[in-house]
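Take a look at the structure set out below.
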Amino acid sequence: MSTDSDQIRVVTFGCRLNTFESQVMRDKAAEAGLGALGGGAILFNTCAVTGEAVRQARQAIRRARRENPAARIIVTGCAAQTQAKAFAAMDEVDLIIGNHDKLHANAYRALPDFGVNSTEKVRVNDIMSVRETAAHMIEAIDGRARAFLQVQNGCDHRCTFCVIPFGRGPSRSVPMGAVVDQMRRLVANGYREVVLTGVDTTSWGADLPGRPSLGRMVRAVLRQVPELERLRLSSIDSVEADDDLLDVIADEPRFMPHLHLSLQHGDDLILKRMKRRHGRADAVRFCATVRRLRPDIALGADLIAGFPTETEAMFQNTLSLVAECGLDHLHVFPFSPRPRTPAARMPQLDRTVVRERAARLRAAGEVAHVRHLDAMVGRTVAVLVERPGFGRSGQYTPVALPRDRAAGSVVEAVVDGHDGTRLTGRPVPAEGALRGAA
Ligand code: SF4
């Protein structure tokens, strides 16, 4: 029997924070009765990190309108927040909602009539005026074996290539008590693994009384929710990782041995032109420290290829950083000039050079990943099953498994090989299972 909320489809682009918020949007839109409208509704939660992400959202909106002429099409997310006029000019779109309002049921009430002029369909407030991050409690993330939990939003930094602060506003933290409550709710609903997520997660606590550190919050969550089996952090800014967090990484087995680092580049002059807060040596030192504290840890990183003014020699510094930091997998971003950012006004490299360097960096990432897979062979790992036949170990390494294991379960498996992209795991028979495998 279909319910009103079945009439609400949410299309999510971008980061884990958007995935968490899309669940809140679905709940709030249903609460506002959006699903009861004839034709239903399609909500697009967009991303503005690259021009490609915005292009894909516009393409998906046009297709959705062709396939659903009677549906209400509502666009939100960072691309809507930073480029509202461009989306309002699309006839396919009925309403544009800002990143703050999208989390409140009122935003989905009193929709404008079809075909109104572009100004009436824009409900985007000044995100820079937002000061609080209310804790939006969710029961589950539909269709996901692991849950995401928002602990922070916005960013006070101004990296020269980044549009996110203009889409998400100033940095603000979800209070610790609300984080613990949300965690208890997700664990009570059966989640064995939860990812703490935000925009600039390492700045959590800076706006709270007593300026508690992210490490203290993580420790408190693990202490106050002993039933939680596996905790992860979404990407972090290594130079802002506090000592409490390093202690948790070192001595807390329920904190998964995996970090994704926002490194961006391997050349000090480019890092300066990016207005990053770390130098190459800081990144190398951080990676060596966490590897000493947690030898089974896997490290991933975001890296940009083709940043304005980047020479071949500077690019070589990024390539060599992969090995010097011992990175295990990469997210490679070909530089994409974002509207109103300082980097967009810098002298640009030819797009063919940008694409060619991105391809070389991806290739270096694949070599690093295979080196990581080789090192995992022979180990016993605890795998969170994401869907029949597939899961990820504590290192967030993909593992192929027999298809008879349920999504959301944790399986201990011996790694008996890999195919160059994922490990192959042979489940350890229950009576032989080694509790606490990596
Ligand atoms: S830290 Fe820099 S890259 Fe990250 S969201 Fe803030 S401005 Fe963007």
Seminar exercise, completed: Listed by chain and number, the lysines with an alpha carbon less than 27 angstrom from that of Lys121, same-chain partners under 8 positions apart left out, are Lys28, Lys85, Lys102
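About the Cα centre, and with charges only on the beta carbon of Lys, Arg (+1) and Asp, Glu (-1), how big is the dipole of the range 380-432? Nearest 20 debye, please.
Numbers: 6 positive and 6 negative charges, 36 e Å.
Around 180 debye, computed over the range 380-432.
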For this session: Mind listing the long-range amide H neighbours of Tyr396? Cut-off is under 5 Å, sequence gap 5 or more, other chains count too, H placed in the peptide plane at 1.01 Å from N.
Result: none
Exercise. For the chain, what is the mean residue ellipticity at 222 nm derived from helices alone (per DSSP H run of n ≥ 4: -39500 (n - 2.57); sum divided by total residues; nearest 500 deg cm²/dmol)?
Worked result: -10000 deg cm²/dmol
Problem set entry | Note, ³J(HN,Hα) from phi for the range 80-94, Karplus 6.51, -1.76, 1.60, rounded to Hz, x at Gly and Pro | 5, 5, 9, 9, 4, 4, 4, 6, 5, 6, 7, 5, 5, 9, 9
Problem set entry | Spatial extent of the range 380-432: Rg and Dmax, with the Cα atoms as the point set, Å | 9.7, 31
Seminar exercise, completed: Non-local residues with an amide H under 5 Å from the amide H of Phe44, with H modelled 1.01 Å from N and Pro and chain starts lacking one, are Val11, Ile74, Val75, Thr76
Exercise. Rounded if a/c is under 1.5, else prolate if a/b is larger than b/c, else oblate: which is the range 236-369, with a ≥ b ≥ c the root eigenvalues of its Cα gyration tensor?
Worked result: prolate
Exercise. Ignoring ligands, DNA and RNA, what accessible area per residue does the chain give at 1.4 Å, in Å²?
Worked result: 41
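Taking the Cα centre of the chain as the origin, how large is its charge dipole in debye, to the nearest 20, when only Lys and Arg (+1) and Asp and Glu (-1) carry charge on their Cβ atoms?
With only Lys, Arg, Asp and Glu charged at Cβ, the dipole is about 620 debye.
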Seminar exercise, completed: Each label sits 7 Å from Cα toward the beta-carbon; between Arg292 and Glu67 the label points are separated, in nm, by 5.3
Seminar exercise, completed: The cysteines in the chain that find no other cysteine Cβ closer than 4.7 Å to their own Cβ are Cys15, Cys47, Cys78, Cys155
Exercise. Considering only DSSP beta bridges with both partners in the chain, what is the antiparallel share in %, to the nearest 5?
Worked result: 30
Problem set entry | Relative contact order (percent, whole number), the range 46-103, Cα cutoff 8 Å, 6+ residue spacing | 35
For this session: Scan around His265 for amide H atoms under 5 Å from its own, H built in the peptide plane at 1.01 Å from N, and keep only partners 5 or more places away or cross-chain.
Result: Ile304
For this session: Using the Karplus curve 6.51 cos²θ - 1.76 cosθ + 1.60 with θ = phi - 60°, work out ³J(HN,Hα) for each residue of the range 40-45 in order, rounded to whole Hz, and write x for Gly and Pro.
Result: x, 9, 10, 9, 10, 9
Problem set entry | Part-to-part distance (alpha-carbon centres) for the range 198-234 and the range 335-369, which is given in Å | 33
For this session: Positive end of the charge dipole of the range 42-184 (Lys, Arg +1 and Asp, Glu -1 on Cβ, about the Cα centre): tell me which of Ile74, Ile164, Ser129 has its Cα farthest that way.
Result: Ile164
Exercise. What do you get for Rg/Rh over the range 4-125 if you use C-alpha atoms and the Kirkwood form of Rh?
Worked result: 0.91
Exercise. Which whole-Hz couplings ³J(HN,Hα) result when phi for each residue of the range 316-321 is put into the Karplus expression 6.51 cos²θ - 1.76 cosθ + 1.60, θ = phi - 60°, listed in order with x for Gly and Pro?
Worked result: 4, 5, 6, 4, 6, 5
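For the chain, what's the relative contact order in percent, using C-alpha pairs closer than 8 Å and at least 6 residues apart?
Once divided by the residue count of the chain, the mean separation gives 10 percent.
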Exercise. If you look at just the Cα atoms of the range 170-221, how large are its Rg and its Dmax in Å?
Worked result: 11.4, 33
Exercise. When N counts the residues of the chain, how does its alpha-carbon radius of gyration compare numerically with 2.2 N^0.38 Å, as a ratio?
Worked result: 1.00
Problem set entry | Protein accessible area in the chain, 1.4 Å probe - carbon and sulfur % | 53
For this session: Between Gln348, Gln81, Gln59, find the one with the highest GNM mean-square fluctuation for the chain; connect C-alpha pairs within less than 10 Å.
Result: Gln59
Exercise. Comparing Leu263, Leu208, Leu319, which has the greatest mean-square fluctuation in the GNM of the chain with Cα pairs linked when under 10 Å apart?
Worked result: Leu208
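Of all GluC sites (Glu not before Pro) in the range 131-225, which ones are in loop regions per DSSP and have a Cβ with at most 14 other Cβ atoms within 10 Å?
Details: sites: Glu132, Glu139, Glu193; in loops: Glu132, Glu139.
Answer by residue number: Glu132, Glu139.
The values are calculated or read from the model by the stated rules, or taken from the named source; none is laboratory data. Just so we're clear, the structure is a prediction, and the values are computed from it rather than from any experiment. For neighbour counting, all protein chains shown are included, and Cβ atoms are generated from backbone atoms with ideal geometry for every residue, glycine included. What goes into the accessible areas is simple: the full protein's heavy atoms, side chains included, and nothing from ligands, DNA or RNA. Shrake-Rupley method; radii C 1.70, N 1.55, O 1.52, S 1.80 Å.
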